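Trainee: Sharing a structure here in structure tokens format.
Only the coordinates and a few stated rules stand behind these numbers; no lab work does. A quick note: this is a predicted structure, and the numbers were derived from the prediction, not measured. Positions of Cβ are generated from backbone atoms using ideal geometry, with glycine treated the same way; all protein chains shown enter the neighbour counts.
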Amino acid sequence: MSNANLPVGFKQPPLLSGLDGSEAILVGFSGGADSTALLHILSRYSQDSGCRICAAHINHGIRGEEADRDEDFCRVFANTLGIELFVLHADVPTIAKQSGESIETAARRVRYDYFAKIMREQDIKILATAHNANDNLETLIFNIARGSGLGGMCGIPDSRPTECGVVIRPILSMEKSEILEYCEKNSLDFVTDSTNTDTDYTRNLIRAKIIPIMQEINSGAVKNAQRTCENLREDSLCLESMAGWFVEELRDGYAIEVEKISGSPASIVNRALIRLFDEISGGKTLEQTHLNSLKELARKGIPHSSVSLPCEFEGVIEGGRLCLRKKAKKEAIDYYETELFNGSNFISQTNSEIVIGNSQNAKNIYKKSTILYIDSAKIRGTLIARQRRAGDRIRLGGMSKSVKKLMCDKKIPLELREKLPVICDEDGIVAIPLLATRDGAVAKNNSNATVIQFYLH
């Protein structure tokens, strides 16, 4: 397209410069001023390049006759330009109710799902949307209000990859006033969505109330915001590059040394962890709360400590490294409570053995085993072995201590905790193998002791 035909403020996306007649662009077309101007601009572009232009319109089933009016306008306008138009009728209010989404979110999902469908069916690799500089400022303000990080401050990118190709935003640099001027200059009619004035919608509130105030402060607020987003996007790309180096140089599979994490800038670590989690989870993301939990986990560096992550993943400290991994499926252990007799007592639920005998036969033959010498005079009634229960406590150091907390403090591995039996008498917990023995229960003279041998096979 010659410069004479270009609207004021238009910056041709680099992607358009090399297209020819063998390629096509799908335009999201609502019939509003923005998409009408975009479709008109690209139809002119196609005359020079030979590139095929087609459009897609979604009747969301929200505004009744007004929505039908918009659809009719889009059909007529596309036909006038000689552009093929694809139309979808969708009951977005019902879809939103069924999915639990807001109407705005459901409408966006339906819209982009339909765009993707058309792109696949028509072998189209480029989708053009009519986002403009005012939309970008709205997004920036919205993200500031949400407390977004640097990524949210970058606003709307001028392009982004999708599963079907790429989304481009050819009029992102144009202000709303420039778009309206273009429509007027070219005698382009368009429709107006009546819901755009409904300030119950957050973006409409920003558009109607906040942006006008910003423009009163500085008439160039929209363009200035665009430039700010571009600068921040460059900074973000630099940090992403540094994070890429961090991951590739310091990773060990899906693990990074805790010292490297604690000694590196948070902005780099955050991005590195997001990258690793994206890889291991197949495209899932981490929220700031997850990132904070992982960094705190690394700072403390407690072996076997962990934090839960989305989609049944976890971060675990192992061997001085922060490891990201799928949670091991917890073995369902049937509750057991069994009386202990002299000789061998096998606990099938945990594949373990408790032997009650004398000290002469006691010996450690398994890695996860222990021998306890309990003062027989301190045992009240019959000894039983049972599975650990919520709220279990044992008397240690003159105080009643939580078994759960004690296991954490002693760094008992998670996979072992449910397999350790709790040995009790009538007064409560006498001992927990590999962990603790109740105050005063240890025999001073082994020859008069009840010997408890625990073996985890």
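Trainee: Tell me the Kirkwood radius of the chain: reciprocal of the mean inverse pair distance over distinct alpha-carbon atoms, in Å.
Mentor: 27.9
Trainee: Give me the angle, in degrees from 0 to 90, between the Cα long axis of helix 176-185 and the longest principal axis of the Cα atoms of the chain, rounded to the nearest 10.
Mentor: Result, in degrees: 30.
Trainee: Express the C-alpha Rg of the range 393-457 as a ratio against the empirical globular expectation 2.2 N^0.38 Å, rounded to two decimals.
Mentor: After normalising by residue count via 2.2 N^0.38 Å, the value is 1.15.
Trainee: Oh, and also: Treat each spin label as a single point 7 Å out from the Cα along the C-beta direction, and report the THR80 to GLU230 distance in nm.
Mentor: Reported label-point gap for THR80 and GLU230 is 3.3 nm.
Trainee: May I pose another question? What residues have an amide H closer than 5 Å to that of SER305, excluding those fewer than 5 places away on the same chain, when H is modeled at 1.01 Å from N in the peptide plane?
Mentor: Excluding prolines and chain starts, which carry no amide H, the hits are ILE317.
Trainee: Sticking with this structure for a sec: Using θ = phi - 60° and the Karplus relation 6.51 cos²θ - 1.76 cosθ + 1.60, list the HN-Hα couplings for the range 27-40 in order, rounded to whole Hz, with x at every Gly or Pro.
Mentor: 10, x, 10, 9, x, x, 4, 5, 6, 5, 4, 4, 4, 5
Trainee: Determine Rg/Rh for the range 56-206; Rg is computed over alpha-carbon atoms and Rh is the Kirkwood hydrodynamic estimate from the same atoms.
Mentor: The Rg/Rh ratio comes out at 0.95.
Trainee: Helix 103-122 versus the longest principal axis of the chain: what is the Cα-based angle in degrees, 0 to 90, to the nearest 10?
Mentor: 70
Trainee: Report the semi-axes of the equivalent ellipsoid for the range 337-456 in whole Å, largest first, where each axis is √(5λ) for an eigenvalue λ of the Cα gyration tensor.
Mentor: Listed largest to smallest, the semi-axes of the range 337-456 are 20, 18, 13 Å.
Trainee: So, with +1 on the Cβ of K and R and -1 on the Cβ of D and E, and no other charges, what is the size of the charge dipole of the range 58-177 about its Cα centre, to the nearest 20 debye?
Mentor: 380
Trainee: Can you pull the Rg over Rh of the range 108-149, Cα-only, Kirkwood? Let's see the in-between values first.
Mentor: Values: Rg = 14.4 Å, Rh = 12.5 Å.
Radius of gyration relative to Kirkwood radius: 1.16.
Trainee: Shifting gears a bit: Going down the list LYS329/LYS404; LYS97/LYS176; LYS11/LYS176; LYS300/LYS411; LYS378/LYS401; LYS295/LYS419, which pairs span over 22 Å between their C-alpha atoms?
Mentor: Over 22 Å Cα-Cα: LYS97/LYS176; LYS295/LYS419.
Trainee: Now for a different question. Scan the chain and hand back the longest stretch that contains none of the GluC sites (Glu not before Pro) lying in DSSP loops with at most 11 other Cβ atoms within 10 Å.
Mentor: For GluC sites (Glu not before Pro) (loop position, at most 11 other Cβ atoms within 10 Å), the longest site-free span of the chain is 1-162.
Trainee: What is the helix-to-structure angle for 133-146, meaning the angle in degrees between its Cα long axis and the longest Cα principal axis of the chain, kept from 0 to 90 and rounded to the nearest 10?
Mentor: Taking Cα atoms only, the helix is inclined about 20 degrees.
Trainee: Around THR338, with a cut-off of 13 angstrom between Cβ atoms, what is the net charge of the other residues, counting Lys and Arg +1 and Asp and Glu -1? Working shown, then result.
Mentor: Working: positive: ARG386; negative: ASP334, GLU337, GLU339, GLU353.
Local charge sum for THR338: -3.
Trainee: At a 10 Å Cβ-Cβ cut-off, how would you order ARG389, ARG75, ARG207, ARG271, fewest neighbours first?
Mentor: ARG389, ARG75, ARG207, ARG271
Trainee: Shifting gears a bit: What whole-number distance in Å separates the alpha-carbon centres of the range 181-215 and the range 398-421?
Mentor: The distance from the Cα centre of the range 181-215 to that of the range 398-421 comes to 62 Å.
Trainee: Would you grab the residues whose amide H sits under 5 Å from the one on LYS125? Only those 5+ places off in sequence or on another chain, please, with H modelled 1.01 Å from N.
Mentor: ALA24
Trainee: Determine the distance separating the Cα centre of the range 268-337 from the Cα centre of the range 140-173; give it in Å without decimals.
Mentor: If we compute the Cα centre of each part, the gap is 29 Å.
Trainee: Lys/Arg Cβ at +1, Asp/Glu Cβ at -1, dipole of the chain taken about the Cα centre: which of ILE412, THR370, ALA116 is farthest positive-ward?
Mentor: My answer, from the dipole projection, is THR370.
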